[in-house]
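Quick notes on the structure that follows.
What follows is calculated from the coordinates using simple rules that are stated; it is not laboratory data. Just so we're clear, the structure is a prediction, and the values are computed from it rather than from any experiment. Heads up, the Cβs are rebuilt from the backbone with ideal geometry, glycines too, and the neighbour counts pull from every protein chain shown.
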Amino acid sequence: MKRNLKIIAYSLVLMSSLAVPQTRDLGGTGEFIDSIAAIVNDGVVLRSEVEIQFELIMDNLEKQGSQIPPVNTIREGVLERLIVQRIQLQRADRYGIRVSDEALNAAITNVARNNDVSFEEFPKMLDKEGINYNDYRNELRQQITIEQLRQREVISRIAVSESELENFLVFQKDQDRLNYEYNLSHILIPVSSKAGEGEVNNKQDFINELYENIIGGKSFEEVAIEFSEGQQALSGGQLGWMKGEQLPDIFVKVASELKNGELSFPFENSSGFHLIKLNEIKGNEPILEEQIKVRHILIKTNEVLDDSAAEEKLKTIKQQIIDEGNFGAVASAVSEDIGSAQDGGDMGWAARGFFVPEFEDVAYSLEENEISPPFRSRYGWHIIEYLGKRIFDNTEEIQKRKAVSAIRNSKLASEIEIWARELRDEAFVEKLPYN
C-alpha cells in the first residue's frame, strides 16, 4: 500500500503511539512520573515530550543504518526544537490564531487523498502505521497554527526589490516562451560556412527582397515554394505546431514578439537568413479574472485587547461609519493595517484566492456597498465594505504576483530561521537538569 504519510505524519510528535520511555522517575505506586525539561515563558516542555521525539529519531536512524551521533546531542537538539515550537505556539495564542475543526478536517482530507484513502478511512491507515489519530490531529493543528503565524509575521517582512522583480520577470518570460506552442511558416536562404563576404551580402539582399515582396502582397506560401531551401519549402514553408523548446532559440525569440499572421523581419543565424510568419500561438492567452474591490478596517488583538473587546470596538466603529457615511476617513484614522489604512482601507482589486479564506468568505457574501459585521481572521478583527466587481485582463499583474511569491519563497527558509532565532532570544527559557 502506498505510504506518503512521511510528508506530514512523521514530522509530528507521536505522543501516545510510542512506549513510555524508561528515563522517567518511578513514583511510589510504580507509575512513571513526568517532569519538566524546560520552562518556556509561562509554559513548559515536559521530559516525556523530549523522550518521545528522541525515541522516534533513534528508531529512524537505526532503521536507516545511519551513524548515530552522541545521544546527548540528539536529545539537546530535540529539546531546542520543542522550545522553539512552544514559543511560536504561545505567540500564536496571544494573537488569537486558531485553526477551526473545519480547516483541520480539510487539511487531513488532502493528506488522505494523497494516500488514496478517504477521510473516514484515514484513522485506520494511521493506526496501521502505529500513529494515534487524536495525537495526529493535535499535532497537525499545531503545525498549521505555526504556519499561519509565519504567514502573518515572516512573509510580510521579506522585501522584493524592483531589480529582483525585473530580473525574475525576464527569466520567467524566457521560460514561458519555451512552453508556448507555435504554428510557423518558414523561408530559408542558406549561407555556406565557407561563403565570402560578397556572397553573404548577396544572400542578405535577396532575403530583404523576398521580405518586401511579401509585405507588398505576394503570398508567403508562393515565395516559400519558389525560393526557400528549407525542408518544408514545398508545403509553403509550413512547419506546423511545435513547442518552443523544439525550435531554435532565435525562432522562439522572434516568434514570441509577433502577432498572429504577422511576418518577421529577416534575421540570420549559423544556417543562413530566415523569414518566419506566425500563423498562431497557444499558451500566451490573456488571463481574465473576476475581481472584487473591498476596503476594510483591522483591529488586532493583544494582551490588553482580547477578542470580545476587539469585536465590540468594531461594532462601535461600524455604527460611526453608518452615522457619518465616511468609511475611508474612519479607516485611515483607526485601522491597524498599515498598508491599506493610508488609502482609506482600500484593498484594491483582487481575485479569488488573494485574501485568506476567512476574509474572502465574508467579502464574497456581501452586496455592493454593504458593510459586514465584525469577524475574526488570522490577522485580527475586521469589518469590510464591498465596493463592486469586474472582469479584468490581469495577465501582467498575475505574472508579477507569481514572481513576487516565487522570490519570497526562495528567501522564506532563511528568513524563518532568522525570525525563529529572534523569538528564541527574546523568550525566557530555563532548561532543567536531568536527574
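Simple spin-label model, 7 Å along Cα-to-Cβ: residue 39 to residue 395 in nm?
Between residue 39 and residue 395, the label points sit 6.3 nm apart.
Residue 124: which lysines have alpha carbons under 23 Å from its alpha carbon, excluding same-chain residues fewer than 8 sequence positions away?
Correct list for residue 124: 2, 6.
Which stretch or stretches of the stretch 380-414 have amide N atoms under 20 Å from the point lying 7 Å from residue 160's Cα along the Cα→Cβ direction?
Within reach of a label on residue 160, which here means backbone N under 20 Å from a point 7 Å along Cα→Cβ, the stretch 380-414 contributes 393-414.
For a quick check: sort 362, 71 by the number of other beta carbons within 10 angstrom, fewest at the front.
Working: 362 21, 71 10.
With the fewest neighbours first, 362, 71 line up as 71, 362.
Residue 60 versus residue 428, label points 7 Å from Cα toward the beta carbon: distance in nm?
Between residue 60 and residue 428, the simple spin-label model gives 3.3 nm.
Please compare each pair in 318/389; 300/431; 173/203; 63/128 to a cut-off of 25 Å on the Cα-Cα distance and tell me which ones are over it.
Values: 318/389 22 Å; 300/431 33 Å; 173/203 33 Å; 63/128 18 Å.
From 318/389; 300/431; 173/203; 63/128, over 25 Å: 300/431; 173/203.
If I build a Gaussian network model for the chain, linking alpha-carbon pairs within less than 10 angstrom, which residue out of 391, 155, 371 has the largest mean-square fluctuation?
Of 391, 155, 371, the most mobile in the Gaussian network model is 391.
Quick check: from the Cα gyration tensor, does the stretch 71-136 come out rounded (a/c under 1.5), prolate or oblate?
Details: a/c = 3.31, a/b = 1.36, b/c = 2.43.
Note, shape of the stretch 71-136 comes out oblate.
Report the gain in length on full extension from residue 322 to residue 338: 0.36 nm times residue separation, minus Cα-Cα distance, nm rounded to one decimal.
Values: separation 16, 0.36 × 16 = 5.76 nm, distance 2.30 nm.
Result: 3.5 nm gained on full extension.
Could you list, bin by bin from short to long, the percent of Cα-Cα pairs of the chain in 10 Å steps?
Spelled out bin by bin, the chain gives 4, 14, 18, 18, 15, 13, 10, 6, 2, 0, 0 percent.
Taking chymotrypsin sites (Phe, Trp or Tyr not before Pro) as exposed when DSSP calls them loop (any state but H, G, I, E, B) and at most 16 other Cβ atoms lie within 10 Å, what is the longest stretch of the chain free of them, the sites themselves excluded? Mind showing how you got there, number by number?
On the way: sites that count: 119, 354, 364, 428, 434.
It runs 120-353.
Could you work out the per residue convex hull volume over the alpha carbons of the stretch 84-186, in cubic angstrom?
On the way: hull volume 20.7 nm³, N = 103.
Residue-normalised Cα hull volume stands at 201 Å³.
Tell me, what is a quarter of the convex hull surface for the C-alpha atoms of the stretch 292-363, in nm² with one decimal?
So the mean shadow area of the Cα hull is 5.2 nm².
Using the C-alpha gyration tensor of the stretch 163-260, what are the square roots of 5 times its eigenvalues, in whole angstrom, with the largest one first?
Values: eigenvalues 166, 64, 35 Å².
Values for the stretch 163-260, descending: 29, 18, 13 Å.
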